[in-house]
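Here is the structure we will look at, set down as structure tokens.
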Amino acid sequence: MAYVFCNQCGHRNPPESSFCSSCGSVLDRLDDHTVTLAKVDPLLDAPGPEDDVVVHVGDLPAGASLVVRNGPQAGTALALTTQVTKLGRHPDSEISLDDITVSRRHAEVVHSDTGWLVRDAGSLNGTYVNNERIDEAPLHHGDELQVGKFRLVFFSKSDG
């Protein structure tokens, strides 16, 4: 399922939606638009628009990428260019997430003939897809991947 993001509030909506279920704005489905990812605040304080991450979809790498939604690397697009992309604190990781909440070998994103999937690599704090702890799960455009305190949004220009 390829989600549609609202340009006004950043809410993730089902692909058949014409209007945002959060703010009611008309949803734009063109590839050359900007998506705003609202800041995730674990304390549920109301962050202002200055805290949001703006992603220019046309500037994302071809294929698939993970966009960091929060933290010091917020807004950074991390291209998934190999068959297996390792995420963790270990220096050999293709995607290095430097925080104590991330295991040295935390998770890996795998591309196969059937699409993308993420698998936990025995991490201490777990790996989550759309707020559900997983051992292994498929990734679809718009899914949120949580590794330690990092929240990353999966973008695929060809969801498969």
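All of the numbers you see were taken from the coordinates with simple rules; none came from a lab. Since we're looking at a predicted model, the values are computed, not measured.
Give me log10 I(q)/I(0) at q = 0.14, 0.16 Å⁻¹ for the stretch 54-160, Debye formula, one equal scatterer per alpha-carbon, no solvent.
Relative scattering, expressed as log10 I(q)/I(0), comes to -0.46, -0.62.
Grab the eigenvalues of the alpha-carbon gyration tensor for the stretch 98-160, scale each by 5, take roots, and send me the semi-axes largest first in whole angstrom.
Square roots of five times the eigenvalues give 20, 12, 10 Å.
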